[in-house]
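Working notes, structure below.
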């Protein structure tokens with residue numbers, strides 16, 4: 001039978017290109033920060049304090065995006081800040097996905113008592129206010145990169161657990177699962193070979209979203225000065241410092257904000273873009 | 001005997017009428033089903049929605065565990081066998097599902113869908129065997145590379161058949177396998193199944209709501225109504241002189257493509 | 001007699017040009033039932049949707065005319081077209097499960113159209129709904145009016161949808177596979193009900209179905225569709241005695257019947273498909289698609 005259903009084309013992955021492009025740029029900047037950054041991000045120099053960005057008449061060469069009140073180069077600090085932001089995004093995002101995804105998959109597919117235990121746990125967990133919880137955790141663990149990552153995983157695994165559980169449940173009633181049972185595949189094998197590929201697209205979308213969230217959480221913690229030591233530049237720390245001098249030097253606040261915004265947006269769009277491009281099933 | 005089913009009962013918890021505390025009341029879906037199915041026979045199972053025909057099918061394949069009664073498969077009691085004990089036997093009874101869109105994993109290719117069960121049961125050369133199965137159901141071998149959504153309804157159902165026969169089972173249960181298909185592909189799938197049953201010497205259980213389809217294929221017919229067998233007859237006898245009122249009602253309700261049939 | 005609904009050379013395409021309906025023409029007169037038969041993907045539902053103005057966003061009407069009660073709907077401005085359709089036509093949908101809003105009671109769902117679109121008084125609309133529910137043989141209509149959809153069986157819900165379709169005395173009803181989701185015994189009751197209601201109200205009925213058996217019971221005339229093209233237009237008696245187009249004949253031969261125990265089913269032969277494909281392609285070439 002001829003029909004036009006096959007004529008509907010996949011959308012071109014424009015958002016995949018844009019978001020992927022920005023994130024690649026950021027990753028390269030982070031890796032090669034010492035080569036790219038025009039200045040030492042920590043070098044203070046009161047003679048160059050509060051220099052405006054390059055298009056302003058009072059700008060100085062070598063300070064493309066201006067400098068802050070201590071005379072530190074904004075661009076260099078953003079580039080070095082990308083290191084921390086991306087490490088947090090990748091490590092915390094992946095760990096959260098693994099912990100939450102695994103528990104959600106088990107709860108949604110096995111049902112019964114594993115589901116009851118996991119779901120109850122999730123409910124209780126979600127009753128804690130997340131930011132307070134994070135601040136409390138850092139206060140106990142002490143500031144530092146590892147503490148931030150632990151805090152993000154501990155707070156956000158429930159998001160994955162919930163969504164993946166629901167997805168695994170709806171996949172679990174499909175006949176291809178019954179068909180795997182007819183073929184004699186064990187419960188665990190069915191979960192890995194049949195269910196997992198079908199929740200994977202959701203998981204990837206959530207993962208990229210979570211990476212964006214991790215960047216924000218890190219920024220918030222830096223903003224309230226609970227991130228890592230003031231020696232290494234962070235976007236959140238820059239925003240926090242820029243806030244105090246926004247009337248004299250708006251660029252100290254605005255450029256890290258834009259970077260943060262673009263990065264978080266790119267992470268969420270990357271997930272959608274990947275799904276459009278690589279999921280064999282159009283939904 | 002391929003199957004001996006004795007006084008089979010099965011119920012589901014009724015979550016709608018569950019009280020806040022305590023167990024949910026149970027709805028009896030099968031109320032004492034019993035029949036024998038000799039090897040090589042083609043058995044039709046007919047009934048409306050809610051008659052329990054699909055539940056009976058799934059109990060026969062032990063996708064569901066009965067409350068009481070007995071199911072013997074080739075002399076082995078499988079009524080309450082654990083999944084681990086069943087695993088070795090599962091190759092011998094296979095199933096073709098109603099909705100191939102739901103029964104074929106949408107994110108696996110056709111080749112993998114057919115070869116997966118073969119690998120599980122220790123067949124060697126699974127890719128070649130999967131290709132043979134595609135030949136047998138009349139699909140080109142290159143379809144092994146496709147995803148289910150890239151096939152038409154009739155083609156998908158052929159993949160479902162290929163997956164079942166590739167394991168060389170003794171018994172196949174076909175659960176409403178043509179109800180979602182257009183008449184043109186319906187006829188093709190039915191003819192294909194008929195040929196395969198003869199060629200491979202299969203015993204077949206054929207569940208359908210459509211007596212017209214059943215008549216084509218089956219030697220003997222069970223009519224189910226509200227979880228009970230209301231008629232168990234040879235095919236010719238059932239159509240010539242239906243014993244149960246419900247069978248007659250079913251027959252009378254079928255609109256034949258013939259304007260002269262007195263119907264209303 | 002002038003047909004109540006007359007579709008002339010209707011072409012519907014996907015946004016980027018792939019044809020869905022290929023100059024479809026058909027007529028339905030008042031008091032007549034016209035069947036639209038075809039396999040999935042043939043575009044039979046799209047004809048009804050085009051008439052009611054509910055085509056999916058991805059489709060658009062490229063050319064053609066849809067005359068309803070002497071007016072070409074496609075020449076009317078959108079608002080006026082909607083109003084006209086709302087006042088003269090109604091739909092009996094395929095799936096009684098999803099066609100009713102699960103969180104609202106039955107009563108308001110029937111009366112809504114009367115009150116909102118036709119400006120009836122609420123009490124008058126309710127009286128009308130009660131009468132209609134009785135007319136479609138629903139026991140205890142007053143109780144059913146207060147029920148929620150999930151409390152009723154599939155057959156009951158389909159009766160309610162039929163009552164609701166007839167509520168505003170439309171001149172045209174489009175029934176889109178109205179019994180496909182039902183058991184065969186329930187299907188018979190529902191078909192009889194639709195036929196009775198149609199005869200009593202003298203409505204023009206466009207009956208979309210894939211089942212030739214059903215067509216032979218309820219229709220006066222029919223069109224057979226393949227790939228969005230009408231391949232045969234016939235009176236019902238003549239069609240079942242002597243189908244003219246090879247595709248129609250093949251379709252008829254492929255329909256299983258329990259009265260024919262020995263004769264095997266004949267799948268639609270590949271040559272017939274090839275021929276009708278060629279016919280469709282030639283049509284596209286002539287139309288410059």
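Consider region B:237-250. How many of its residues are surrounded by 13 or more Cβ atoms within 10 Å (Cβ to Cβ) and either more than 7 Å from chain C (Cβ to nearest Cβ) or more than 23 Å from the chain's Cα centre (by Cα) (or both)?
Result for region B:237-250: 9.
Just to check your reading of the model, which residue among B:98, B:94 is under 26 Å from residue C:153 (Cβ atoms), within 14 Å of chain A (Cβ to nearest Cβ) and touching a strand residue (DSSP E or B) at 6+ places or on another chain (Cβ under 8 Å)?
Of the residues listed, the single one that is under 26 Å from residue C:153 (Cβ atoms), within 14 Å of chain A (Cβ to nearest Cβ) and touching a strand residue (DSSP E or B) at 6+ places or on another chain (Cβ under 8 Å) is B:98.
What residue, of C:90, C:134, is touching a strand residue (DSSP E or B) at 6+ places or on another chain (Cβ under 9 Å) and closer than 19 Å to residue C:195 by Cβ? Before you say what the answer is, go through the steps one by one.
Working: C:134 fails: touching a strand residue (DSSP E or B) at 6+ places or on another chain (Cβ under 9 Å).
That would be C:90, the only listed residue that is touching a strand residue (DSSP E or B) at 6+ places or on another chain (Cβ under 9 Å) and closer than 19 Å to residue C:195 by Cβ.
Exactly one of (1) surrounded by 16 or more Cβ atoms within 10 Å (Cβ to Cβ); (2) touching a strand residue (DSSP E or B) at 6+ places or on another chain (Cβ under 8 Å); (3) farther than 30 Å from residue C:186 by Cβ is unmet by residue C:81. Its number?
Unmet for residue C:81, out of (1) surrounded by 16 or more Cβ atoms within 10 Å (Cβ to Cβ); (2) touching a strand residue (DSSP E or B) at 6+ places or on another chain (Cβ under 8 Å); (3) farther than 30 Å from residue C:186 by Cβ: (2).
Going through B:229, B:214, B:207 one at a time, which residue ends up being touching a helix residue (DSSP H, G or I) at 6+ places or on another chain (Cβ under 8 Å), away from chain C (no Cβ under 13 Å) and in contact (Cβ under 8 Å) with a residue 24 or more places away in the chain?
Checking each option against the conditions leaves just B:207.
Does residue A:231 qualify as being at pLDDT below 80 and in a helix (DSSP H, G or I)?
On the way: at pLDDT below 80: yes; in a helix (DSSP H, G or I): no.
No, not satisfied.
Within 12 Å of chain B (Cβ to nearest Cβ) and free of Cβ contacts under 8 Å to residues at least 60 places away in the same chain - does that describe any residue in region C:221-234?
Within region C:221-234, one or more residues are within 12 Å of chain B (Cβ to nearest Cβ) and free of Cβ contacts under 8 Å to residues at least 60 places away in the same chain.
Take residue A:246 and tell me if it is in contact with a helix residue (DSSP H, G or I) (Cβ under 9 Å, 6 or more places away or on another chain), under 30 Å from residue B:160 (Cβ atoms) and not in a helix (DSSP H, G or I).
Taking the combined requirement at face value, the residue does not satisfy it.
Taking residue B:44, is it under 24 Å from residue B:212 (Cβ atoms), in contact with a strand residue (DSSP E or B) (Cβ under 7 Å, 6 or more places away or on another chain) and touching a residue at least 12 places away in the same chain (Cβ under 8 Å)?
yes
One residue is enough: does region A:198-221 have a residue meeting the conditions free of Cβ contacts under 8 Å to residues at least 60 places away in the same chain, more than 27 Å from residue B:107 (Cβ to Cβ) and either out of contact with any strand residue (DSSP E or B) (no Cβ under 7 Å at 6 or more places or on another chain) or buried (at least 21 other Cβ atoms within 10 Å of the Cβ) (or both)?
Yes, region A:198-221 has at least one match.
Regarding residue B:133, is this residue in contact with a helix residue (DSSP H, G or I) (Cβ under 6 Å, 6 or more places away or on another chain), within 14 Å of another protein chain (Cβ to nearest Cβ), over 20 Å from residue A:178 (Cα atoms) and not in a strand (DSSP E or B)? Before the answer, list the steps.
Values: in contact with a helix residue (DSSP H, G or I) (Cβ under 6 Å, 6 or more places away or on another chain): yes; within 14 Å of another protein chain (Cβ to nearest Cβ): yes; over 20 Å from residue A:178 (Cα atoms): yes; not in a strand (DSSP E or B): yes.
In short, yes.
Pairs, please: C-beta under 7 Å, at least 6 apart or cross-chain, first residue within 9 Å of another protein chain (Cβ to nearest Cβ) and in region C:264-289, second surrounded by 10 or more Cβ atoms within 10 Å (Cβ to Cβ) and at pLDDT below 85?
These pairs meet every condition: C:265/B:216; C:265/C:256; C:267/B:184; C:268/B:184; C:277/A:2; C:280/A:2.
Let me spell it out: the conditions are (1) crowded, with 22+ Cβ neighbours inside 10 Å; (2) away from chain B (no Cβ under 14 Å), and residue A:150 meets all of them except one. Which number is the exception?
Against the list (1) crowded, with 22+ Cβ neighbours inside 10 Å; (2) away from chain B (no Cβ under 14 Å), residue A:150 comes up short only on (1).
Which ones in region C:1-33 are within 14 Å of chain A (Cβ to nearest Cβ) and either surrounded by 16 or more Cβ atoms within 10 Å (Cβ to Cβ) or in contact with a helix residue (DSSP H, G or I) (Cβ under 8 Å, 6 or more places away or on another chain) (or both)? Lay out the reasoning, then the answer.
Filtering region C:1-33 down to residues within 14 Å of chain A (Cβ to nearest Cβ) leaves C:11-22.
Across region C:1-33, the qualifying residues are C:11, C:12, C:13, C:14, C:16, C:18, C:19, C:20, C:21, C:22.
With the requirement that a residue be buried (at least 20 other Cβ atoms within 10 Å of the Cβ), more than 22 Å from the chain's Cα centre (by Cα) and more than 9 Å from chain B (Cβ to nearest Cβ), what does region C:244-254 give you?
The answer is C:245, and nothing else.
Given (1) more than 10 Å from every other protein chain (Cβ to nearest Cβ); (2) surrounded by fewer than 18 Cβ atoms within 10 Å (Cβ to Cβ); (3) touching a helix residue (DSSP H, G or I) at 6+ places or on another chain (Cβ under 8 Å), identify the lone condition not met by residue B:122.
Result: residue B:122 passes all but (3).
Being in a helix (DSSP H, G or I), more than 17 Å from residue B:173 (Cβ to Cβ) and facing another protein chain (nearest Cβ under 8 Å) is the filter here; which residues of region A:176-188 pass it?
A:187
Within region B:168-182, take every residue that is within 14 Å of chain C (Cβ to nearest Cβ) and surrounded by fewer than 23 Cβ atoms within 10 Å (Cβ to Cβ) and give me the one that is nearest to the chain's Cα centre (by Cα).
Ranking the qualifying residues of region B:168-182, first place goes to B:176.
Have a look at A:107, A:92 and point out the one that is touching a helix residue (DSSP H, G or I) at 6+ places or on another chain (Cβ under 9 Å) and under 24 Å from residue A:148 (Cα atoms).
Selected residue: A:92, the only one of A:107, A:92 that is touching a helix residue (DSSP H, G or I) at 6+ places or on another chain (Cβ under 9 Å) and under 24 Å from residue A:148 (Cα atoms).
For residues that are at the interface with chain C (Cβ under 8 Å from one of its Cβ atoms) and more than 28 Å from residue B:192 (Cβ to Cβ), scanning just region B:254-264, find the one that is surrounded by the most Cβ atoms within 10 Å (Cβ to Cβ).
B:263
Which one of these is within 13 Å of another protein chain (Cβ to nearest Cβ), crowded, with 18+ Cβ neighbours inside 10 Å and touching a residue at least 40 places away in the same chain (Cβ under 8 Å): C:205, C:152, C:193, C:161?
C:193
The values are calculated or read from the model by the stated rules, or taken from the named source; none is laboratory data. Just so you know, these numbers come straight off a predicted model, no measurement behind them. For neighbour counting, all protein chains shown are included, and Cβ atoms are generated from backbone atoms with ideal geometry for every residue, glycine included.
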